[in-house]
Amino acid sequence: MAKGTVNKVTLIGRLGQDPEIRFTGEGNAVASFSVATNESWKSKDGNIQERTEWTKVTVFGATAEKYVQPYVKKGTLVYVEGSLKTDKWQDKDGNDKYSTGVVANNYGGIQILGGGESSTDSSPSMNQERPQKENLDQTVEDDDLPF
């Protein structure tokens, strides 16, 4: 094992569709979904450009079944923390194919930051535990920084 290396990913983004939940032969839940993150910049000619990056996320076990399945839906703003994992397989022609995604940490690896555009929560206990939404688009002035 290589010393001095780190495999850590942190994302904040919105789900593009409802998570897919499946169960292994042993009955363990696996949730899969894609998270969209955006990047914007000003081009040389002064026009604002934007790019959306889609990242595949996989969540295992009780977190997938008891947290993702009932509460995380299309459009939900989530915080994801985990590690990169690349899967390799062969297509029908025998060509090697690769797919890289994020495997969320088992504890605290996914947190709901906000509901979807037309989010309706069916769990009153979830509403009580969820912190108030923050305006993530607000601008921070230099004078507001604590250092």
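The values are calculated or read from the model by the stated rules, or taken from the named source; none is laboratory data. Since we're looking at a predicted model, the values are computed, not measured. No Cβ is skipped: glycine too gets one built from the backbone with ideal geometry, and neighbour counts run over all protein chains shown.
Residue count for segment 1-25, restricted to those that are more than 18 Å from the chain's Cα centre (by Cα) and either polar (S, T, N, Q) or surrounded by 14 or more Cβ atoms within 10 Å (Cβ to Cβ) (or both): 2.
Tell me which residues, restricted to segment 25-39, are of a type in the set (Val, Ile, Thr) and either within 15 Å of residue 78 (Cβ to Cβ) or at pLDDT below 95 (or both). 35, 37, listed by residue number. Which ones in segment 38-90 are loosely packed, with under 13 Cβ neighbours inside 10 Å, among the acidic types (Asp, Glu) and under 14 Å from the mean Cα position of the chain (by Cα)? Hit for segment 38-90 is 53, nothing else. Screening segment 1-116 for strands (runs of 3 or more DSSP E) wholly inside it with 2 or more residues that are without any contact (Cβ under 8 Å) to a residue 60 or more places away in the chain returns the ranges 20-23, 29-42, 48-60, 77-90, 96-104, 110-114.
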